[in-house]
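The values are calculated or read from the model by the stated rules, or taken from the named source; none is laboratory data. Just so we're clear, the structure is a prediction, and the values are computed from it rather than from any experiment. All Cβ positions, glycine included, derive from the backbone under ideal geometry; neighbour counts span all protein chains shown. Remember, those area values only see protein heavy atoms, side chains included, never the ligands or the DNA or RNA. Shrake-Rupley method; radii C 1.70, N 1.55, O 1.52, S 1.80 Å.
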Protein chains: 2
Amino acid sequence: MASLVTPKITLVGAGPGDEELITVKGLNAIKTAHVIFYDALANEALLNYASAQCLKIYVGKRNNNHAYPQEVINQLLVDYAQTHGHVVRLKGGDCFVFGRGMEEVLHAQVNNIPVTVVPGVTSAIAGPAAAHIPVTHRNVAQSFWVITATLQDGSLNPQVIEAAKTNTTVVLLMGLNKLPEIVATYLQAQQATLPIAIIQNATLANQKVLTGTINTIVAQQQQMQLQAPAVIVIGQVAALQNLQVV
Amino acid sequence: MASLVTPKITLVGAGPGDEELITVKGLNAIKTAHVIFYDALANEALLNYASAQCLKIYVGKRNNNHAYPQEVINQLLVDYAQTHGHVVRLKGGDCFVFGRGMEEVLHAQVNNIPVTVVPGVTSAIAGPAAAHIPVTHRNVAQSFWVITATLQDGSLNPQVIEAAKTNTTVVLLMGLNKLPEIVATYLQAQQATLPIAIIQNATLANQKVLTGTINTIVAQQQQMQLQAPAVIVIGQVAALQNLQVV
């Protein structure tokens, strides 16, 4: 049986939510997959493009409720490639933006399985865009810094403290539970009136957006109770949407 | 005639180069466009998906050789939407990553033309990925900072100096002509052995990759003579590709 299959693994970034924001190349990989391992953040509607024979296996993670440890996922990809052929690993957003994609690539390569990475549209950029917030804008922001707010041990990423002292656009993923700490960091950096926005379920029909300033956002969030997954964007660009007619 | 058309503008990120790295939504916009204004960095093969009647107008920029000033492009989008209907603005990478997309959005809105933004895969992330370099990696990089190296006046973006002092992954766009200045900045920050990679024509058949360290890269580039468009990535992640079998 092993000789009948040609093992390969394709990591595919599913994009930020809207199923049409996957790439053409990513969709083609799904169509030819024998097995798909998919995340909580990947739009499940994409599975409908797979063949009827394709195995679809959920290995999602959300709120620290891990269905499988990463090391197990790494090995599952290899095992199923050897027995079934083309394995697609479908991940929310982009494979290499806090997606632990490189761990899967390296494990596949150690096991001599050819691996391809199909990049995806990241929610770090498309999330703000869906709220009409550009991460860069002439004369306003000449760079943007994308940071996971929460480290593995649950603490605030200290790079948020560094970022608060700069005038770059800061995009925070996994930051909603850390909002009071993030705000305290920016207040300490004398940035009380800096614009901030939170985008929940970006690019999906149930998207919600909250915009304010550093000194207003905690009270706003207490009232609105946005939920994960959410992207936080901080900087003057977060006020640009107020200029708009629609 | 004006009453026969329904004006609208869609900004579409064409992705980093490979024509299959456009999103499904972006490709659908192209298929229904009456007019497409396209950039030098957008893959021209994508124009083949437009209808035969669709006007295809080049407004590219490369090496400061601007076919049209940005203000003229902003107005062309509005004018053609009013006379022709659906105008697609096809831009390399993502619309909001140094793409001046928000200027086009705001001008359309001032003129009461409905405008939609379809995000794209940015070369800032997919460029390194195409060289097997992840912008984030567990225990190596918990953030990445994307910076345009060259400001409008031609000078080095001073945020590169700030970034060199951090341990974030730094991705520089429009940096090739500034390589000696970038290297000097990192040397001053005591980062002589930090890994760096340059990726030219990322995701295309003629992609070229140069990897080294801060204290070797200028000599390497003098020998290899990589050309724009190129993405520069600096940080420990740039050495991860050396771990790989393929």
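Observations on the model:
- With respect to the axis relating copies A and B by rotation, the chain A residue whose beta carbon is closest, plus that distance in Å, is A:Trp145, 2.
- In plain terms, if you count all Cα to Cα distances in segment B:159-207 and split them into 5 Å steps from zero, the share in each step is 4, 18, 31, 22, 12, 8, 4, 0 percent.
- Rounded to 5, the percent of DSSP beta bridges in segment B:117-246 classed as antiparallel: 75
- Above 20 Å, the calculated P(r) of segment A:136-223 contains 35 percent of its Cα-Cα pairs.
- Label distances, nm, A:Ala52 versus same residue in remaining copies, Cβ-directed 7 Å point: 3.7
- Gaussian network model of chain A, Cα within-10 Å springs - most flexible of A:Leu151, A:Leu106, A:Leu11: A:Leu151
- For chain B: relative contact order, % (alpha-carbon pairs under 8 angstrom, 6 or more apart): 20
- With contributions of -39500 (n - 2.57) from each DSSP H run of at least four residues, the per-residue ellipticity at 222 nm computed over the protein assembly as shown stands at -7500 deg cm²/dmol.
- Think of each Lys and Arg Cβ as +1 and each Asp and Glu Cβ as -1; about the Cα centre, that makes the dipole of segment A:2-122 roughly 140 debye.
- Counting from the shortest, the label point at A:Gln70, 7 Å from Cα toward Cβ, is 3.8 nm from the same position in each remaining copy.
- Dipole size of the protein assembly as shown about its Cα centre, with +1 on Lys/Arg Cβ and -1 on Asp/Glu Cβ: approximately 180 debye, rounded to the nearest 20.
- Gaussian network model of chain B, springs between alpha carbon atoms under 10 Å - residue of B:Glu103, B:Glu20, B:Glu71 with greatest fluctuation: B:Glu71
- Each Lys or Arg adds one and each Asp or Glu subtracts one; over the other residues with Cβ under 11 Å from the Cβ of A:Val115, this totals +1.
- With all protein chains modelled, accessible area of A:His86 [1.4 Å, Å²]: 10
- Antiparallel DSSP beta bridges within segment B:1-145, as percent of all bridges there, nearest 5: 10
- Among beta bridges that DSSP assigns inside the protein assembly as shown, antiparallel share in %, nearest 5: 50
- Straight Cα distances below 16 angstrom link A:Lys25 to the aspartates and glutamates A:Asp94, B:Asp18, B:Glu19, B:Glu20, with same-chain residues fewer than 8 positions distant left out.
- All lysines inside 17 Å of B:Lys56 as judged from Cα atoms, apart from same-chain residues fewer than 8 positions distant: B:Lys8, B:Lys31, B:Lys91
- Charge dipole (Cα centre; +1 on Lys/Arg Cβ, -1 on Asp/Glu Cβ; no other charges) of segment A:40-103 amounts to roughly 140 debye.
- Inter-copy spacing of A:Gln220 label points, which lie 7 Å from Cα along Cα→Cβ, given in nm from shortest upward: 4.4
- A Gaussian network model of chain A, with springs between Cα atoms under 10 Å, assigns the largest mean-square fluctuation among A:Ser155, A:Ser123, A:Ser51 to A:Ser155.
- Value of Rg/Rh across chain B [Cα atoms, Kirkwood radius]: 1.03
- Contact order for segment B:168-246, expressed relative to its length and based on alpha carbon pairs under 8 Å spaced 6+ residues apart, stands at 43 percent.
- Rounded to whole Å, the principal axis extents of the Cα atoms in segment A:1-139 read 59, 28, 28, largest first.
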